[in-house]
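**Student:** Dropping the structure in here first, questions after.
The values are calculated or read from the model by the stated rules, or taken from the named source; none is laboratory data. Note that the structure is a prediction, hence the values are computed from the model and not measured. Neighbour counts are summed over all protein chains in view; Cβ atoms, including those assigned to glycine, are modelled from backbone coordinates with ideal geometry. Only protein heavy atoms, including side chains, enter the accessible area calculation; ligands, DNA and RNA are left aside. Shrake-Rupley method; radii C 1.70, N 1.55, O 1.52, S 1.80 Å.
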Amino acid sequence: PAATAKQNLDGQNVYTGCCTLRIQFSSLSTVTVKYNNEKSRDYTNPGLPTDGVVGLHGPPGGMFDGNDGSLLSAGNPYGQPMGMMGGMADSYGMANFGGFGAMGAMGGAAGAGSAVLLVNNLDPERVTPQVLFTLFSCYGRVERVKILFNKRESGLVQFHDGAHAESAKTHLDGASLFSRNLVVSNSKHNSIQLSKDGNELTKDFTDANLHRFPLSGPGAQKALTQATPPS
């Protein structure tokens, strides 16, 4: 079954023109799962404990719903989940993000405007560069993220170009994240400088394998314009 899955899925696109799967055989012979939660799951043993980890699902609300940090289908910019992607999406805090939805309002030429966004009104106790990457990557190709050291309620998100940044700003300005409404605007900075001391508040995601948007090909611009705003 594993060889069949690899043969049929390696190189396939999760969405039309983007999110190409790269599948390799693991050196592990088995996978040990101790808990059924958003980070791991044994589908043959539904009775495993959750270890008290808060799940990613909950009642409708903002994109991240207040107390439990869930990223809900109500805030899904891509419509309904795509079956097999559910488990992987849960692992990265993308619980109910799935296939593309209706055509969004964002258009514009590639490279237009600033590629760096300033994000204000963050929850400094809960928001990390990974959280911002996960959220903003739903609307554009994120390359770098920085939480401001002296102002933890603010952060910078650098995209591949201005078109990707504009898409994210259009859809996420005013969106709810941990019960706070984000204030998203263009930054005066042209890029985010990486920290030389490995500061955890600055992360480079340029080579991350979780990007949803291709940089070239017929699906590149189409993927960018098919995102819909959270609700």
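**Student:** Can you say whether S114 is at pLDDT below 95, crowded, with 18+ Cβ neighbours inside 10 Å and within 13 Å of the chain's Cα centre (by Cα), as far as the supplied structure shows?
**Tutor:** no
**Student:** Now, a different point. Tally the residues that are part of a loop (DSSP other than H, G, I, E, B), open to solvent by less than 50 Å² (accessible area, probe 1.4 Å) and at pLDDT 90 or above, restricting the search to region 169-209.
**Tutor:** Number of matching residues: 9.
**Student:** Take G140 and decide whether it is in contact (Cβ under 8 Å) with a residue 40 or more places away in the chain, under 18 Å from V116 (Cβ atoms) and either small (G, A, S) or touching a strand residue (DSSP E or B) at 6+ places or on another chain (Cβ under 8 Å) (or both). Write out each step before concluding.
**Tutor:** Working: in contact (Cβ under 8 Å) with a residue 40 or more places away in the chain: yes; under 18 Å from V116 (Cβ atoms): yes; either small (G, A, S) or touching a strand residue (DSSP E or B) at 6+ places or on another chain (Cβ under 8 Å) (or both): yes.
So G140 fits the description; yes.
**Student:** When you scan region 128-168, how many residues do you find that are open to solvent by less than 50 Å² (accessible area, probe 1.4 Å), among the hydrophobic types (A, V, I, L, M, F, W, C) and under 15 Å from N199 (Cα atoms)?
**Tutor:** Initially, region 128-168 is screened for residues open to solvent by less than 50 Å² (accessible area, probe 1.4 Å), giving 129, 131-143, 145, 147-148, 154-159, 161-165, 167-168.
Add one more test, that the residue is among the hydrophobic types (A, V, I, L, M, F, W, C), and what stays is 131-133, 135-136, 138, 142, 145, 147-148, 156-157, 159, 163, 165, 168.
From the residues that got through so far, the ones that are under 15 Å from N199 (Cα atoms) too are 145, 147-148, 156.
Here the count works out to 4.
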